[in-house]
Amino acid sequence: MSWLAGVTALLLAAGSPATVGDLAWLAGDWVREDEGRWTEESWMPPRGGMMLGVSRSGRGENLREFEFLRIAADADGVPAYVAQPQGGAPVAFRLVRHDATSARFENVAHDYPQRIDYVRAGDTLTATISAIDGTKARSWTYERR
């Protein structure tokens, strides 16, 4: 383990406050294609205390759904994932756990999903939504474009 990785692990273990910059590993263009269906998710790198993203899904040339996304600190300074499905009202999910390649956001008051997990392994990103207890899980595995 490098010196920097060791310090980073120590800070995370010590419970240092998370920042939007801790989620920079999420940045990039991610795509999933399967039997004519496609889903794309793109995240800009952190800048100005925020990451901006967008997701869209469809079949063939037809768009089925889209979502505007952002990650920014909430009023308490905790990073929150804010989703606007179909451009509608924003729904915030607070960061509850993270490390160098994964993050979990939760909102127990939301109907569904209540939990959003991202895990990155090299050029693969897996996004999973579920109820707060992990049931009703749906996952998407993307490859870096």
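The values are calculated or read from the model by the stated rules, or taken from the named source; none is laboratory data. As the structure is a prediction and not an experimental result, all values here were calculated from the model. Glycine gets a Cβ as well: all are built from the backbone with ideal geometry, and neighbour counts include every protein chain shown.
For this structure, a couple of remarks:
- When residue 76 is tested against (1) free of Cβ contacts under 8 Å to residues at least 40 places away in the same chain; (2) of a type in the set (D, E, K, R); (3) under 23 Å from residue 143 (Cα atoms), just one condition goes unmet, and that condition is (3).
- Taken over segment 61-112, residues that are in a strand (DSSP E or B) and of a type in the set (D, E, K, R) amount to 9.
- Qualifying residue in segment 59-66 (condition: crowded, with 17+ Cβ neighbours inside 10 Å and either of a type in the set (D, E, K, R) or modelled with pLDDT of 95 or more (or both)): no
- Hits in segment 122-145 - residues which are in contact (Cβ under 8 Å) with a residue 24 or more places away in the chain and either small (Gly, Ala, Ser) or in contact with a Pro (Cβ under 7 Å, 6 or more places away or on another chain) (or both): 127
- Flag for residue 74 being at pLDDT 95 or above, closer than 19 Å to residue 105 by Cβ and touching a His at 6+ places or on another chain (Cβ under 7 Å): no
- Among the residues of segment 90-112, some residue qualifies, meaning at least one is within 18 Å of residue 24 (Cβ to Cβ), in contact with a Pro (Cβ under 7 Å, 6 or more places away or on another chain) and either surrounded by fewer than 15 Cβ atoms within 10 Å (Cβ to Cβ) or hydrophobic (A, V, I, L, M, F, W, C) (or both).
- Sole exception among (1) within 27 Å of residue 135 (Cα to Cα); (2) assigned to a strand (DSSP E or B) for residue 29, by number: (1)
- Residues considered: 24, 5. Of these, the only one that is at pLDDT below 95, within 25 Å of residue 144 (Cα to Cα) and outside any strand (DSSP E or B) is 5.
- Residues of segment 113-135 that are closer than 17 Å to residue 26 by Cα, outside any strand (DSSP E or B) and among the charged types (D, E, K, R): 123 alone.
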